[in-house]
Each structure stands twice: as structure tokens, then as C-alpha cells.
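For reference, the structure is listed below as C-alpha cells.
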Amino acid sequence: METELHFPIEPKPELENKLVKAVRYVYEFINSKDFVKTMCKHEFQGSECFADTADNNVRVASKVVDATRTHFNISFFTSRKRILGYAHGDELFFNETIVGDPDYLIGDLAANIAHEIAHKAGYSHCMDNHWTWAYTVPYALGLMVKEKVNKEEGRLNLIEVDSIGLNHMSKLRYYVYRFLYSGN
């Protein structure tokens with residue numbers, strides 16, 4: 001990994017630690033044996049593909065891996081707007097106000113880093129809130145990373161909650177208890 005972490009203003013140690021941990025999770029996932037398999041299984045409208053790209057899933061995975069093997073810097077900016085981050089050239093920028101929020105978890109940050117790496121690999125998404133967002137490379141990759149990080153961090157993923165059904169609260173409480181305390 002050839003990533004430099006640049007901070008225009010020296011961040012609080014917990015902010016830097018959060019970023020370093022999130023970057024490590026992203027790189028571990030993208031460089032894992034399961035990464036290409038996971039990317040190849042991604043479906044959009046019944047086909048193994050992503051929205052908003054003509055590249056097949058193997059090509060998408062290859063370009064994302066290549067993007068992590070190039071040099072880039074990570075910097076913070078401060079804004080009260082709900083902009084999480086953006087990519088520009090060899091720079092990935094993240095909103096220090098949001099990243100520093102205790103409710104903004106490692107999985108959230110790792111998902112955002114993966115999202116911006118997908119942009120660095122050349123993938124985009126429409127700018128208005130569209131139903132296809134979750135199927136574009138940046139958002140789908142972010143969701144894949146977030147799911148993996150949340151499992152490793154012992155957090156319940158929304159996908160798992162949805163599959164149980166919120167109407168069955170006793171089942172949900174049992175599942176949350178089993179997930180958090182059994183080491184699964």
C-alpha cells in the first residue's frame with residue numbers, strides 16, 4: 001500500500017486512528033482472495049454487472065485493485081455541509097466534521113474510502129438521488145466494504161436486519177444478542 005495520509009491541520013489522534021484503521025480494512029478487502037469473487041457476483045437488473053458502466057465485473061475488480069496500487073494522498077477538509085468526501089486527481093478528501101463524529105463508525109468511513117477509490121478507478125454515478133445508486137461501482141463497493149467491516153467490528157448490518165423483518169422484534173432481539181455475544 002502506497003498511501004500517504006496528509007492532514008492540513010494536525011487531526012485529533014482518534015481521528016487519525018479511525019482513518020488508518022478504515023484504510024487498512026479497505027486495503028485488506030480489496031487485496032483479499034474473496035474480492036474478485038464478491039465483485040463478480042454483483043448483480044444489476046438480473047445480470048452480473050454494475051449500473052452506469054459497460055465494463056464487466058472482472059474488469060471493474062481489476063481497475064479497482066489497480067487504483068489501490070497507485071500513489072494517492074488522503075486529506076481532510078472542514079465543512080458543515082453533509083458532503084462526506086470526494087476524489088480529485090491523486091487526492092481523496094474527507095470531511096473532518098463528519099469523520100470526527102462518534103456516530104460515524106469505522107465501517108462508514110471505510111465505505112466512503114472505497115467509494116472514492118472507485119471514483120479514482122474511473123467509475124461514477126449520477127448526481128441526483130436515483131434508485132440505481134446502490135448498483136453503481138462506487139456505492140456497491142462501499143456497501144461491500146461496510147458489510148465486511150461491520151462483521152469484523154461486531155456490528156449488525158442493515159441487510160441482516162431487513163432479512164429478519166422488523167415486525168418480529170423478539171426474533172430481532174434474539175438475532176442481535178446472538179450476533180453481538182456469540183462471536184458470529
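Per-structure values
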read-out: J(HN,Hα) series, region 36-50, from Karplus relation 6.51 cos²θ - 1.76 cosθ + 1.60, nearest Hz, glycine and proline x; value: 4, 4, 4, 5, 5, 7, 4, 10, 9, 6, x, 10, 7, 6, 10
read-out: Intensity falloff of region 3-153 expressed as log10 I(q)/I(0), Debye formula with alpha-carbon point scatterers, at q = 0.14 Å⁻¹; value: -0.64
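Read-outs: derived from the displayed coordinates by stated rules, not from any lab. Fair warning: this is a prediction, and the values are worked out from it, not measured in the lab.
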